[in-house]
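The values are calculated or read from the model by the stated rules, or taken from the named source; none is laboratory data. Predicted model only: the values in this text are computed from it and were never measured. Note that each Cβ is placed from the backbone with ideal geometry, even for glycine, and that neighbours are counted across all protein chains shown. These area figures cover heavy atoms from the full protein model, side chains too; ligands, DNA and RNA do not enter into them. Shrake-Rupley method; radii C 1.70, N 1.55, O 1.52, S 1.80 Å.
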Amino acid sequence: DDPEMLAAFQARIDAGEKIEPKDWMPEGYRKTLIRQIGQHAHSEIVGQLPEGNWITRAPTLERKAILLAKVQDEAGHGLYLYCAAETLGISRDEMTEMLLDGRMKYSSIFAYPTLTWADMGAVGWLVDGAAIMNQVPLQRTSFGPYARAMIRVCKEESFHQRQGFDIMMKMCSGTPEQKRMAQDALNRLWFPSLMMFGPSDKDSVHSSQSMSWKIKMNSNDELRQKFVDQTVPQAEYLGLTIPDETLAWNEEKGGYDFAEPDWDEFFDVLKGNGPCSTDRIATRKAAWDDGAWVREAMNAHAAKKSTANVA
Ligand code: FAQ
């Protein structure tokens, strides 16, 4: 890239201007965005699977309707995000192929199973809670289509987070067995939720460049700390115990000290060795293959219509 063009581009970023799809951008900026937005889109779509698993087993009709709406919202988020990535010159088909053959990732959290109904509460509370913590700052990210997509996504995620916390409140004020299930869900999902923010800053290969381009607005550790500080009082309110004996308020830093997740486990999940990794990709592949005839039929229909218009 031409140094003058690069400097002019960085000046636009520094001035807080939004970069739009037809504007000149460095190849690295484009590539980073395709990677991050594409992985974000895949996470929304794969993220439907652990919850879709419970739609037929929701305890009441009302809970079922709410969960169904939430899972449909995730599909919508995936579609906006694929569209935002497509403005950068890649197709949704290509991104999906890259997910299926392992060239693109999805969030590590969705490689974990949802074993009980309480997990629907914990996913909403913790996973959507972590997602919001990460995505609210992304409403100010430098790439226009991504920033704008995040506005609606964040509104919906905050409803998701509340519905999760509402399930947790119900479970925690229920029978001892229900409370035990809620605690068990927290025990299993706490550290995987902390992993959602990515590796610690010293191991985050993309952070410094992404932050200078304002693709990322905060570092992984900053957001993880904010998430812990927000979530601990909520756990106390529920009467649940965070599964971390080292957790302690640190007056000096004005935040909690807490245990790091097991980073070996995290990197192993990224390699495709999470408890549900094989199953998640197999399910996505089956859905993609089963839908091939629909995509073909829609393309054939669109082609026919465009010739009809010409004639
Ligand atoms: N999982 O250098 P960094 C949701 C990879 S929310 C998997 O720090 P970066 C809503 C990273 O790609 C979840 N991979 O990377 C929902 C890179 O590998 P690469 C989705 C991870 O990009 C709720 C390598 O590690 N949210 O779905 C993870 O600067 C409930 C080095 O890491 C987003 O995607 C991870 N947790 O920072 C849906 C938000 N962390 O690509 C359903 C947007 C890191 O070089 C139900 N994304 N890696 O091979 C971001 O903010 C950033 O991409 C980070 C990672 C913060 C995730």
* Please work out which residue is farthest from ASN53 (Cα to Cα), limiting yourself to segment 70-109 and to residues that are among the polar types (S, T, N, Q) and touching a residue at least 12 places away in the same chain (Cβ under 8 Å). => THR87
* Pairs, please: C-beta under 6 Å, at least 6 apart or cross-chain, first residue more than 17 Å from PHE110 (Cα to Cα) and in segment 256-267, second assigned to a helix (DSSP H, G or I)? -> TYR256/VAL228; TYR256/ASP229; TYR256/VAL232; PHE258/VAL228
* If you take the residues in segment 1-15 that are in contact (Cβ under 8 Å) with a residue 12 or more places away in the chain, closer than 20 Å to MET217 by Cβ and not aliphatic (A, V, I, L, M), which one is surrounded by the fewest Cβ atoms within 10 Å (Cβ to Cβ)? -> GLN10
* **Qualifying positions in segment 201-216 - within 9 Å of the ligand (Cβ to nearest atom) and open to solvent by less than 50 Å² (accessible area, probe 1.4 Å)** => SER204, SER207, SER210, ILE215, LYS216
* **Residue match in segment 60-79 (condition: under 21 Å from PRO192 (Cα atoms) and either open to solvent by 30 Å² or more (accessible area, probe 1.4 Å) or more than 15 Å from the ligand (Cβ to nearest atom) (or both))** => no
* Structure fact -> Looking across segment 253-311 at residues that are at pLDDT 95 or above and of a type in the set (Val, Ile, Thr), the single one that is nearest to SER43 (Cα to Cα) is ILE281
* **Pairs where the first residue, in segment 135-164, is free of Cβ contacts under 8 Å to residues at least 40 places away in the same chain and within 12 Å of the ligand (Cβ to nearest atom) and the second is open to solvent by 20 Å² or more (accessible area, probe 1.4 Å) and assigned to a loop (DSSP other than H, G, I, E, B), C-beta under 8 Å, 6+ apart** => MET150/GLN139; CYS154/GLN139
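Among PHE267, PHE258, PHE227, which is open to solvent by 60 Å² or more (accessible area, probe 1.4 Å) and closer than 18 Å to MET195 by Cα?
The conditions single out PHE267.
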* So GLY52 fits all but one of (1) open to solvent by less than 70 Å² (accessible area, probe 1.4 Å); (2) part of a helix (DSSP H, G or I); (3) within 12 Å of the ligand (Cβ to nearest atom); (4) closer than 19 Å to PRO145 by Cβ; what number is the exception? -> (4)
* Structure fact -> Flagged in segment 83-122 as of a type in the set (D, E, K, R), open to solvent by 60 Å² or more (accessible area, probe 1.4 Å) and either within 12 Å of the ligand (Cβ to nearest atom) or in a loop (DSSP other than H, G, I, E, B) (or both), in numbering order, are ASP101, ARG103, LYS105
* To do: Mind listing just one residue for me: the one in segment 136-160 that is buried (at least 21 other Cβ atoms within 10 Å of the Cβ) and not hydroxyl-bearing (Ser, Thr, Tyr) and, of those, farthest from VAL71 (Cα to Cα)?
  => PHE143
* Which condition number in (1) touching a helix residue (DSSP H, G or I) at 6+ places or on another chain (Cβ under 8 Å); (2) open to solvent by 40 Å² or more (accessible area, probe 1.4 Å); (3) within 15 Å of the ligand (Cβ to nearest atom) is the one that LEU247 fails? -> (3)
* Determine, yes or no, whether PHE258 is within 12 Å of the ligand (Cβ to nearest atom) and not aliphatic (A, V, I, L, M). => no
